[in-house]
Structures are given as C-alpha cells and as structure tokens.
Amino acid sequence: MTTRILTGITTTGTPHLGNYAGAIRPAIVASRAADADSFYFLADYHALIKCDDPQRIQRSRLEIAATWLACGLDTDKATFYRQSDIPEIPELTWLLTCVAGKGLLNRAHAYKASVDKNVEVGEDPDAGVTMGLFSYPVLMAADILMFNAHKVPVGRDQIQHVEMARDIGQRFNHLFGQGRELFTLPEAVIEEDVATLPGLDGRKMSKSYDNTIPLFGSAKQLKDAIARIVTDSRAPGEPKDPDASHLFTLYQAFATPAQLAEFRAELVDGLAWGEAKQRLFERLDAELGEARERYHGLITRPGDLEDILQAGAAKARRLATPFLGELREAVGLRSFRSDVASAGEGRKKAVKSARFVSFREDDGSFRFRLLDAQGEQLLLSKGFADGKAAGQASKRLQAGEPLDLRDEGDAFGVWLDDECIALSPAFGDAQARDAARQRLRDALDA
Ligand code: TRP
C-alpha cells in the first residue's frame, strides 16, 4: 500500500539553510521512496494571514518553488502545486468551517498567543486578530483532508493543527459519512533524527532571530554569513571543543561521518576559527553548488515555473474535483436534476437486484424463479423439458415485450404464446396481488 504524505510550506520568506536541512531535504528524500505518494504545496493562502505585502508574497512563492525544484523534487512522482490554484480547497474549508467547533479553534496556540499578548497589555483580547488567523487550522484541515493524506510531516508547533484536522475530519465523517470514512484521518509526523540547525548566534536558525544563512545566495553571501558565525575566543593553535561549537554542528549536518571525524580532529588539534569557517564554506559550497546553479536558472525562467505548477495543480485537481463533488453530495448540495435521476437510480438498483434463479426439479425438468429485490418470490415457472427452453422463456420476459398477465384468483399467471409459463404465489387478496403485478412490471422494465 502507498502512503500519502502531504505537507505545506507557507510562502512568506526566502528559504535558508535551516529550512533546507530541517524540512526540504528530508521531504525530497522521503518522496523518492517506492511506496510514497507525496503532495507538497505552497501554502500561499496561509501566507496571506501573516503578510499583507503582495510583492513579498509573490517573491516568496517564486523562491520556494524554485528551491524545491532545484533541490531535486521529482514532479513526475510527487504532486507539487500552489494551494491557491486549487479552488476546491477554499470550498472545502467552508464545509469544514460549518462543522468545526468554535471552542476547538479558541484553543489553537497561534490564536491564543495573540489573545494572551493583548490581555497582557490591556488591549481588547481580539485586537488585531483577523478571521484568517482564527480559522487558520480549518484551512489547514482542508489542505490535508482534501487529499486524504495519511502522514503530515510538520514541525512541533504544527502538531496541534494536524490533530484539529483529525477532529474536524472525524466529525464530518460522523455527520455525513453514513458509516463510511469520507476522510482519511491524518497523523502528524515529527522527524526526530532530522537536523535542527543552529543559526549564526547559536540559537535555532530562524528568520525571527535574524540569524540565518541563506540557502541559495551567491558564494560571497554564503561566505559573509559564515564569517559572522559566533565562536569562542580561542586563538589559532589552541585546542577547540567541537561539541561546544555550533559551527561544528552546522558542519555535521552536511558531512559524511569520515569528513566529520577529520574536522573534529583538526579542531582538537587547534585549527584556527578562520580556517574552520573556510572548511564549512567549502563543504556547503560542494553540497549546494549545483543546486544553486539550478536555482538561479529557474528563478530567471518564471514562465517555466508557472507551467510546472499549473501541471501540478491539474494533477491535484484530478483528485480534488471529483472528491469535492462527493462531499457536496454528502452534505446535501446536489443538483435538482440528480434528485430525479437518483430517484430513478434508486428504483433501478432495487430492480437490478431482482433476479432470476434457475434450478432443476427431481423429475429432471427445469424451472426458474423470479425473486424481487428483497428476495421475495414473484414468479415460479412451469417445468420445462430442457434448460434451454427455460432460459429462453426467462430471457423473453426480460426482453421488454408487452407482458401478458392474467389473474388467477389471488395469484396471477404470465402468458407467452398463449401458454401460462409461470405463476405468482397466492397473495391473500386482490390488492396485494395487484401490487405484486406492479413490482413484477418494475422489475422487468429495468
Ligand atoms: N501551517 C504550516 C506551517 O506553518 C503550513 C501548512 C499549511 C501545512 N497547510 C498545511 C503543513 C498542511 C502541513 C499540512 O508550517
């Protein structure tokens, strides 16, 4: 069985080295597994919640798309798209909004943090809180449930959102599934052995600490950033402690065990910090140089990126469009025409399950019964001398020729070529008999 893995990248910034080691690289590796069916998308509707600078939104979408492709995401295998190219997602968001408890959303960390901050400074609790921020987890639930993802790789801060997607999906299944699991319930995946990179100052590398190393800046930008990594004051020749150095931790995320062992030995031997920084630069340049070339090639061909993402959206919508159709049906948003059609279908179904059963009597003759959808007998044929004659008679009944039914008391007979070839059971009264005649006609009309 394949596992569907889905994750979104909010498009508000430029990818840095920490994003690469912590999310992009492991996601691309995971997408190559034979049993993986990966959905990676640019969460640009989510970006609008945090950012009202159109230029920045647009730039970030372009940079993030180019980054993932340059890093080797295979878009033939994975499905790679922009959230905003899938109109089914906001539509599903509304269906989910109508079942998501407000109380559930009140407990979302991001919203609560804003409220707490407001309360602390004596503001109205909801000051500056948009409905976008409040409903953020519902949109995220739609992202996940739309494609029935099994696994959702996320950072720790997002676990609660995946759990809310589970809750909301479960509630929707319960209300509208009629015993069926309309939505697969997702699970958050936290990659334990993935590197969380320290930034220039040793704290976690993050845009909000302004301590990042750009992923695909020029070689000079990379060099300049590395030069700003904070180290201790040990002089050249003095032994360094690799395990107390975040420069070493950074190196570790991009080195083989052999390379790492060598670097460790050099530091212990008194390698100067300036030299150590040069080593890190060379390692990163070797690791990322080719991808950087590809990245700059892609960034200068936005039309090609647009085509790739449009193709990804088309691929995603081949699933989303029919699935949303089912969900609309489930909640009662149906075409009036399909009401007539489905009433007809209902009848056809009942009729379809009416069936002929043929059997052989002890005396060697061949008979058939016609049972209605509930298994109740409508007809029992006379005994035919051979199976072929019995088969032909039952075929003629199904062929749609006008039926010759003649009452026989509380029962009725079916006549072909002036011969009674089958009889109904006795029904007790004329009304029940006539109802059974109608059921027979319905069954044979189908
Ligand atoms: N909220 C996620 C984040 O900030 C991004 C995201 C949006 C996402 N939709 C998603 C992640 C669906 C996983 C699944 O990191």
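Data overview
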| item | result |
| --- | --- |
| Under 5 Å, built H, 5+ apart or other chain: amide partners of residue 408 | 413 |
| Amide H contacts under 5 Å for residue 354, placed H, 5+ residues apart | 373 |
| Extension gain, residue 74 back to residue 187 (0.36 nm per residue minus Cα-Cα distance, nm) | 38.3 nm |
| Highest average packing first - 429-441, 114-126, 213-225, Cβ atoms within 10 Å | 213-225, 429-441, 114-126 |
| Point-charge dipole on Cβ atoms (K/R +1, D/E -1) for the chain, about Cα centre, debye to 20 | 360 |
| Cα Rg over Rh - segment 216-295, Kirkwood | 0.98 |
| Positive-pole candidate from 257, 217, 239, dipole of segment 216-295, charges at beta carbon | 217 |
| Value of relative contact order over the chain, rounded to a whole percent, pairs C-alpha under 8 Å and six or more apart | 13 |
| Quarter of Cα convex hull surface for the chain, i.e. mean projection, nm² | 34.6 |
| Rounded FRET efficiency, nearest 0.05, which uses the C-beta distance separating residue 94 from residue 318 and R0 of 25 Å | 0.70 |
| Distance between segment 59-78 and segment 264-336 - C-alpha centres, whole angstrom | 3 |
| Using alpha-carbon coordinates, inclination of helix 387-398 to the longest axis of the chain, degrees | 70 |
| Farthest toward positive dipole pole in the chain [+1 Lys/Arg, -1 Asp/Glu at C-beta], among 331, 295, 29 | 295 |
| Top positive-direction residue, dipole computed over segment 355-445 with Cβ charges, set 432, 398, 421 | 398 |
| Theoretical FRET efficiency, 1/(1+(r/R0)^6), r = Cβ-Cβ of residue 230 and residue 59, R0 35 Å, to 0.05 | 0.75 |
| Cross-link pairs 102/204; 50/117; 207/277; 207/240; 50/277 - those with Cα-Cα distance over 26 Å | 102/204; 207/240; 50/277 |
| Helix 159-176 axis, angle to the chain major axis (alpha carbon atoms, nearest 10°) | 10 |
| Degrees separating the helix 88-97 axis from the principal Cα axis of the chain, which is the longest one | 80 |
| Cleavage-rule hits (trypsin sites (Lys or Arg not before Pro)) in segment 157-188: DSSP loop, at most 12 neighbouring Cβ within 10 angstrom | 180 |
| Segment 379-446: projected area of the alpha-carbon convex hull, averaged over directions, in nm² | 4.4 |
| Peptide ranges 283-289, 330-336 listed from the most packed, as the mean C-beta count within 10 angstrom indicates | 283-289, 330-336 |
| Sparsely packed GluC sites (Glu not before Pro) within segment 353-446, loop by DSSP, other Cβ within 10 Å at most 10 | 361 |
| Residue 358 paired with residue 171, simple spin-label distance in nm, labels 7 Å along Cα-to-beta-carbon | 5.7 |
| Nearest-0.05 FRET efficiency for residue 373 and residue 296, computed from C-beta distance (R0 45 Å) | 0.10 |
| Separation of the residue 432 and residue 398 label points, Cα + 7 Å toward Cβ, nm | 2.9 |
| Least to most buried among 388, 77, 382 (fewest other Cβ within 10 Å first) | 388, 77, 382 |
| Amide N proximity, segment 374-388 versus residue 407 label position 7 Å along Cα-to-Cβ, cut-off under 16 Å | none |
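Read-outs: derived from the displayed coordinates by stated rules, not from any lab. No experiment lies behind these values; they were computed from the predicted model shown. Here Cβ is always computed from backbone atoms with ideal geometry, including for glycine, and neighbour counts include all displayed protein chains.
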